[in-house]
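Each value in this text was obtained by applying a stated rule to the coordinates, not by laboratory testing. Being a predicted model, the structure only gives us computed values, none of them experimental. Ideal geometry is used to build each Cβ from the backbone, glycine not excepted, and the neighbour counts take in all protein chains shown.
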Amino acid sequence: MNEGIVDLADGRKLGYAWYGSADAPPVVYCHGFPANRLEFQLIEPVLERRGVGARVVVLDRPGYGKSSFQPKRTLLDWPGDVAAAADLLGLDTFAVVGVSGGGPYALACGYLLPDRVRRVGVVVGVAPREATGMEEAASIDGPSANRLLRRFQFAMSAYAFKKGQEDRFVEQTVATMGEADREVLNRPDVRQWFIEMTREAFVQGGRAATLEAGLYRRSWGFDPAQVKVETHLWFGGMDKTVPASAGRWLADRMIDPEIVVWPQHGHLSWMVADEAADVIASTTG
């Protein structure tokens, strides 16, 4: 993993990490919620094991990790940040993969950057609130539509990680997940990755998560049918966080997407399996 900071024209900074080989096909990976550039650490060994070559760039979204907080941002602000970072990192065209809460951001890049984004991949991605199954989705956008309650929850989560009291947060997360995900998260190596990655997500406090949770509840600002770039969708048949029915809802509204439902996987179990390498290989083409 190689890390750095991108300085944007408006004075903000974006933290990033890139994985893989510098001369391999580039992929911009939009991390989940709440997460950051360290998320891909769980997937990188799978690519190495399978021999899949890619340069995977993971940008911290505003307020997470090393990236400056951006008040009042929207989903459609993100493609501009991606384009600016790509310019500075020497990426002309690239694929985009969005995972979980990063799914809408990947689709927004496909919508606003069709001349630069070669292909979009969405894995267990959040769908609009009206999508089938999203009302029952487990904890993807905070506990309440009330912003003050969300702010309190994420502030407490950030405090717990700051004080080294993250076990309760982890146990609460595990409790919301299905069997496939619980089995993976109970592995000591995966649990340690999850703790370190989530601690970095909350290093600036909980306001980024509070803001972003609200974005998932509002209109995206575009219709998935407006994404003209080739799109691949992957969802887990055992996913209790974002159900596969939400993926089918998206597929029904998009232009000829390819959708795969993994019957054996949940929300994150695929990240340590061969399917993770298949996602990157498919999107890089």
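A few points about this structure:
- Of all residues in region 227-264, those being more than 17 Å from the chain's Cα centre (by Cα) and of a type outside the set (Asp, Glu) number 19.
- In the condition set (1) of a type outside the set (Phe, Trp, Tyr); (2) in a loop (DSSP other than H, G, I, E, B); (3) within 23 Å of GLY221 (Cα to Cα); (4) in contact (Cβ under 8 Å) with a residue 24 or more places away in the chain, ASP10 is compliant with all but (4).
- Of all residues in region 251-274, those that are aliphatic (A, V, I, L, M) have Cβ atoms under 7 Å from Cβ atoms of residues that are surrounded by fewer than 16 Cβ atoms within 10 Å (Cβ to Cβ), 6 or more apart or on another chain, in MET254/ALA225; ILE255/ALA225; ILE255/LYS228; VAL261/GLY237.
- Selection of first residues in region 46-57 that are in a strand (DSSP E or B) and of second residues that are surrounded by fewer than 20 Cβ atoms within 10 Å (Cβ to Cβ) and hydroxyl-bearing (Ser, Thr, Tyr), restricted to Cβ pairs under 8 Å at least 6 apart or on distinct chains, gives the following pairs, ordered by first then second residue: ARG55/SER21.
- Condition check for LEU211 on (1) within 29 Å of PHE161 (Cβ to Cβ); (2) outside any loop (DSSP other than H, G, I, E, B); (3) free of Cβ contacts under 8 Å to residues at least 60 places away in the same chain: one failure, at (3).
- When we screen VAL279, VAL260 for residues that are touching a strand residue (DSSP E or B) at 6+ places or on another chain (Cβ under 7 Å), hydrophobic (A, V, I, L, M, F, W, C) and within 27 Å of VAL170 (Cβ to Cβ), the only hit is VAL279.
- One residue alone among ALA83, ALA95 is in contact (Cβ under 8 Å) with a residue 24 or more places away in the chain, surrounded by fewer than 22 Cβ atoms within 10 Å (Cβ to Cβ) and either in a strand (DSSP E or B) or out of contact with any helix residue (DSSP H, G or I) (no Cβ under 8 Å at 6 or more places or on another chain) (or both), and that residue is ALA83.
- GLY11 more than 17 Å from the chain's Cα centre (by Cα), loosely packed, with under 14 Cβ neighbours inside 10 Å and either farther than 20 Å from TRP193 by Cα or not polar (S, T, N, Q) (or both): yes
- Of all residues in region 258-283, those satisfying the criterion of being surrounded by fewer than 21 Cβ atoms within 10 Å (Cβ to Cβ) and outside any helix (DSSP H, G or I) are GLU258, ILE259, VAL260, VAL261, PRO263, GLN264, ALA273.
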